[in-house]
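Worksheet for the structure shown next.
The values are calculated or read from the model by the stated rules, or taken from the named source; none is laboratory data. Since this is a predicted model, take the numbers as computed values, not measurements. Virtual Cβ from ideal backbone geometry, glycine too; neighbours counted across all protein chains shown.
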């Protein structure tokens, strides 16, 4: 809630910007303290770098630093108590002096403040509380600390600060959001205990350009977590990075935080110069950034952290003292959060989906796993729900006879560390709820409160929600029982609303009313109209309780019916509930059916059942009951779910089928059963790998799509991981070893990683070196690991040249390992003829991941039986697959997108015309809106998604290919797998800010002269760079320069545009994180969406650029037609036949500087991150794509 607490320090910050000091540590190190200066503990331990203890040995230094900042004009200084908590001091053996160290430092700061304070201008002392060295969000024993222990470590420090009456308590440099929440809760408790209210500030810290806190939390998620804690008056950022990397997050806080805003950056990112740490941002540059934070983002409190000196703060004070912060109108977004991300409670496609299966009341399997203390199994159940697309997970461990607090701790500790979705804590016991709240790094939901015992149970849980910052689910139950009419339900909701919102001050958007779902399946008269009552209550709540949300536990409506009938009725119940205003539902998301897939009769019978449209005769007897008709209608219908299909009669067959079908519901149980008869290694070699062989054969014959291959690989990985605990580690137990790398200069890794997945899950040890790898790195790894082969991958045409050079290097080094080459620019003839002729060892062409597997299998067989390299078996394998390469593109084929067409360097023909004779002049020369370049980051990803080419995404990026697949099956895969996966992934990307669209672009004077296109300075006369493009050798004899007018009277009269677009580096990071977590299908889907989203952004922004340029009038209103060039002008990316030289990226970078949005160039002139593209833009109406020679491949748009 907005901070309304009045205090002189906060009042000042509201009126004008309050300026705090700079870096205490930086300032102390200027004195170059010796070990003697630092001092020793009573036990003789050196106190080096414990700055807090310098109050004993050098109080004069601290006093001088404070005076310097006040003299510079600062309004306040922070106390020298950053480490002065029980943990920080305890590591130096100084915990027994905690009270004294804090008091001495606070009093010293107050003495200096008094020297500078006047009646007109008070000076303030801010109590500094650092983060310590322990983190409650991470489970690593080396750094983990539980919530209560961490809170206790802060309490004495807080008590001293309260007693000494600092002007504010600042919890700063918070790397862990749960640590920040814990410290804030402890501070609030100590203030309440003392009966004193002081301003409370919390500042979060991101650690690098990824803009995440240490465990992976972004600032937007941190805001969702801390915003509900009313006593936090100021929320901001400090330390970690310089102001440039804070800018985006400060903007977000400015737009959405209802608290006062503070910004205390470092003086840039630290650099090492000799033995010294150096911060590059000078005082003037630092002051300019702070001015931006105050005047644009409305920062109320500013200052400096590491690297900021008296000079930095003087520059800030000289520039900004007396300046009022820009007015802010923050927009509050109701949301909940996890450690890794946030989730809005109001979703575009209602309802908010709450997973129901991590619940002892809703899942027999969950209960059984809990009985066995199978924590890993419980984690896997939660992950399965995440994969199904739920937004929130309901977690209930209530189980008679078990310790609920213990169980909640064990489950939530694990869920918090690995899940990305927020958690709904579900229990009747307040102590169980609180145990979960202390382990949830994010903002949780509490399920639930009601008035069954009056306020006896409602108040304790509501107090917990207020204390820890949680949302609430409220059931419409009161002292009379479960409300079963719409009016009664609303009456109970209104009572709860008044208590929670008006008495406790919890925002109504943090309150979800569950109007109760009763089973319609019993046929009992009292429940016949229950659905109508529930629906009407939803409507009444939405109409009369402003801001409140609605929620239902949906599955209860069909309790006791047959599985398929349950799915249909649940789906129809949800449909009508949404029409009446439902916001959220607990359900099994995978079992909700689209209305279009329910037959018309079934839909009508469900509607009649829900609205109690029974037919009675004149005597009042029911002659037509929709319930009985519905049951009869689906009497023979089975659930069309793969989970209803039998996996087999024996454990061995079930395991094979689990791999083939990508299913894991009985995986652990079947592995345990198989272990009773087989050793773990035999299970892997003779059962699991047999299943993977079938997967490979199905993929090779076109009967299995790539996404399902990855699903099988995930199951294989999970099975092997489970069996490893029962196996002794035996060196050489793997079938073989391979070093895998993308070659030097190539940034593409999706194909290589998919090869890694297939080989790893077929028994091979893969040493995946990553992208841009020189051959020396491959040789070193090959020797170090005694590998059996080297695999080289690359997308670029230039990478094929690098591969050839690498093979020559291997020859020169006297090495001849088997080498497998893959990548979309390769073809079988080039590898098996050209490259085999120059390499002294064996070289193989890997058309796809499974061909690479077959090659490795044959190499392993040879090694096992000591067979010479001349192998008819391998020749047969290669020949048998040569005719069925996927897409015919070679290399990793489906694993990499098609390469950009390239033309080899060639000497242009001398008889070509200087300009295309058939190309007319442009009818007009539009004037651009500006000259030079700009940056844009204000994109709505929902709008960009409208430009995603789904056909390309599904077929090229995700590997859903029609070849060999029945058209009806293919259509079903797209509707039931691809499109739902895309919807879920879009939602996750939006919620977690994974895709971060950004553009640099510009317009420049330009002229043509033959094949040369020259770009000029703003004076239209001074050349900046000249491009030289190839001319078409046939047909229209086109050249890109033809689309631009020549100079007139020595001046350029025409213009060209340049653009660079990117989806940012976060998508690469998250995709790699999923890959490392063995989420192979998710990894490929996200990688593909990132690439296609960059293309979508290029298409979308090109449209906006045309409108800016005044040539957007010819645009087709149909997005799909824009994909085909239905607009004026054209954009061309370097690397295509019309502009083949990737080196031309260099002048493009000089012109529009894409580094401003994080795009860089590799040594081979490739864009990084991969999800980026650049283009030169022409306005000529006849501009189009073309090839320059009859042998060149077809060029396509980006």
Filter result for the condition that a residue is touching a residue at least 40 places away in the same chain (Cβ under 8 Å) and in a helix (DSSP H, G or I), over 354, 294, 347, 331: 294
Going through (1) modelled with pLDDT under 95; (2) in contact with a helix residue (DSSP H, G or I) (Cβ under 8 Å, 6 or more places away or on another chain); (3) buried (at least 18 other Cβ atoms within 10 Å of the Cβ) one by one, residue 399 fails only at (3)
For region 367-385, does any single residue satisfy the condition of being under 17 Å from residue 555 (Cα atoms) and either under 19 Å from the mean Cα position of the chain (by Cα) or in contact (Cβ under 8 Å) with a residue 12 or more places away in the chain (or both)? yes
Of the residues in region 621-666, how many are in a helix (DSSP H, G or I) and modelled with pLDDT of 85 or more? 18
If we keep only residues of region 1016-1039 that are in contact (Cβ under 8 Å) with a residue 40 or more places away in the chain and in a strand (DSSP E or B), then the residue farthest from residue 1189 (Cα to Cα) is 1024
Out of region 109-128, which residues are in a helix (DSSP H, G or I) and out of contact with any helix residue (DSSP H, G or I) (no Cβ under 6 Å at 6 or more places or on another chain)? 110, 111, 113, 114, 115
Kindly provide the set of residues from region 312-328 that are loosely packed, with under 15 Cβ neighbours inside 10 Å and part of a helix (DSSP H, G or I), ordered by number. 318
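For (1) surrounded by 24 or more Cβ atoms within 10 Å (Cβ to Cβ); (2) at pLDDT 95 or above, each residue gets a yes or a no:
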position	(1), (2)
143	no, no
161	yes, yes
166	yes, yes
170	yes, yes
178	yes, yes
183	yes, yes
195	no, yes
204	yes, yes
Going residue by residue through region 1131-1147, is there one that turns out to be part of a helix (DSSP H, G or I), over 21 Å from residue 743 (Cβ atoms) and in contact (Cβ under 8 Å) with a residue 60 or more places away in the chain? yes
When only residues in region 69-89 that are touching a residue at least 60 places away in the same chain (Cβ under 8 Å) and in a helix (DSSP H, G or I) count, which is surrounded by the most Cβ atoms within 10 Å (Cβ to Cβ)? 69
Those residues of region 20-34 which are out of contact with any helix residue (DSSP H, G or I) (no Cβ under 7 Å at 6 or more places or on another chain), over 27 Å from residue 234 (Cα atoms) and not in a helix (DSSP H, G or I) amount to 30, 32, 33, 34
Which one of these is in contact (Cβ under 8 Å) with a residue 40 or more places away in the chain, surrounded by fewer than 23 Cβ atoms within 10 Å (Cβ to Cβ) and in a loop (DSSP other than H, G, I, E, B): 1163, 1108? 1163
Among the residues of region 1097-1117, is there at least one that is outside the structural domain of residue 420 (by TED's automatic domain parsing), within 19 Å of the chain's Cα centre (by Cα) and over 30 Å from residue 761 (Cβ atoms)? yes
What pairs come out if I take residues in region 1048-1072 that are surrounded by 22 or more Cβ atoms within 10 Å (Cβ to Cβ) and pair them with residues that are modelled with pLDDT under 90 whose C-beta lies under 6 Å away, six or more apart or interchain? 1071/1083
Provide a single number: the residues in region 248-275 that are touching a helix residue (DSSP H, G or I) at 6+ places or on another chain (Cβ under 9 Å) and surrounded by 21 or more Cβ atoms within 10 Å (Cβ to Cβ). 13
I'd like to know if region 997-1013 contains one or more residues that are assigned to a loop (DSSP other than H, G, I, E, B), touching a residue at least 12 places away in the same chain (Cβ under 8 Å) and under 22 Å from residue 1174 (Cβ atoms). yes
Quick check on my filter: what residues within region 918-934 are crowded, with 16+ Cβ neighbours inside 10 Å and under 19 Å from residue 1061 (Cα atoms)? 931, 933
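Here is a yes/no grid of residues against (1) touching a helix residue (DSSP H, G or I) at 6+ places or on another chain (Cβ under 6 Å); (2) closer than 26 Å to residue 1167 by Cα:
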{"residue": "738", "(1), (2)": "no, no"}
{"residue": "746", "(1), (2)": "yes, yes"}
{"residue": "761", "(1), (2)": "yes, no"}
{"residue": "779", "(1), (2)": "no, no"}
{"residue": "787", "(1), (2)": "no, no"}
{"residue": "805", "(1), (2)": "no, yes"}
{"residue": "812", "(1), (2)": "no, no"}
{"residue": "839", "(1), (2)": "yes, no"}
{"residue": "847", "(1), (2)": "yes, yes"}
Verdict on residue 559 being out of contact with any helix residue (DSSP H, G or I) (no Cβ under 6 Å at 6 or more places or on another chain) and touching a residue at least 40 places away in the same chain (Cβ under 8 Å): yes
Filter region 472-512 for residues that are in contact (Cβ under 8 Å) with a residue 60 or more places away in the chain and over 23 Å from residue 557 (Cβ atoms); the one that is surrounded by the most Cβ atoms within 10 Å (Cβ to Cβ) is 510
Output the residues belonging to region 1128-1157 that are surrounded by 18 or more Cβ atoms within 10 Å (Cβ to Cβ), at pLDDT 90 or above and at positive phi. 1129
Residues in region 927-974 that are in contact with a helix residue (DSSP H, G or I) (Cβ under 8 Å, 6 or more places away or on another chain), closer than 30 Å to residue 1002 by Cβ and free of Cβ contacts under 8 Å to residues at least 12 places away in the same chain: how many? 0
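Here's the yes/no breakdown for (1) touching a helix residue (DSSP H, G or I) at 6+ places or on another chain (Cβ under 8 Å); (2) within 20 Å of residue 147 (Cα to Cα); (3) not in a loop (DSSP other than H, G, I, E, B):
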{"residue": "428", "(1), (2), (3)": "no, no, no"}
{"residue": "440", "(1), (2), (3)": "yes, yes, no"}
{"residue": "443", "(1), (2), (3)": "yes, yes, no"}
{"residue": "452", "(1), (2), (3)": "no, no, no"}
{"residue": "461", "(1), (2), (3)": "yes, yes, yes"}
{"residue": "492", "(1), (2), (3)": "no, no, yes"}
{"residue": "495", "(1), (2), (3)": "no, no, yes"}
{"residue": "509", "(1), (2), (3)": "no, no, yes"}
{"residue": "522", "(1), (2), (3)": "no, no, no"}
What residue, of 262, 254, is modelled with pLDDT of 95 or more, assigned to a strand (DSSP E or B) and over 30 Å from residue 514 (Cβ atoms)? 262
